[in-house]
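Participant: Once you've had a glance at the structure underneath, I'll fire off some questions.
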Amino acid sequence: MWKLGWFLRDFRYDPELLAHEQVDEKALPGLRGVVKISHTAINGISLINLDGFAPASQWEELSTAPVSSASRSKTEEATR
């Protein structure tokens, strides 16, 4: 549950709702941040992994890290 709290805080979820450990579905649209995903295939089943997340304000810092062009496009798509 603490990871969900970090995720919501980093994506600028309502701090008052977060302090009361409440998740309001109506407050979720419009959250902004950056996620890093990767793809894995296990026994022929394709899975998407959530490798990390950060506030949108850290996009420039994170995007300068050496990343393959395929991984970069997946990260960019996730922020849209």
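Participant: I'm trying to understand the selection: among the residues of segment 1-35, which are basic (Lys, Arg) and touching a Phe, Trp or Tyr at 6+ places or on another chain (Cβ under 7 Å)? Break it down stepwise before answering.
Facilitator: Going residue by residue through segment 1-35, those that are basic (Lys, Arg) are 3, 9, 12, 26, 32.
Correct list: ARG32 only.
Participant: Please count how many residues of segment 19-44 are within 22 Å of ALA56 (Cα to Cα) and in a loop (DSSP other than H, G, I, E, B).
Facilitator: Residues that pass the stated criteria total 7.
Participant: Okay, moving on. Looking at THR79, THR64, which one is modelled with pLDDT under 75 and either more than 17 Å from the chain's Cα centre (by Cα) or in the same structural domain as LEU4 (by TED's automatic domain parsing) (or both)?
Facilitator: Within the list THR79, THR64, the selection yields THR64.
The values are calculated or read from the model by the stated rules, or taken from the named source; none is laboratory data. These numbers come from a predicted model, not from an experiment. When we count neighbours, we look across all protein chains shown, and the Cβ atoms used for this are built from the backbone with ideal geometry, even at glycine.
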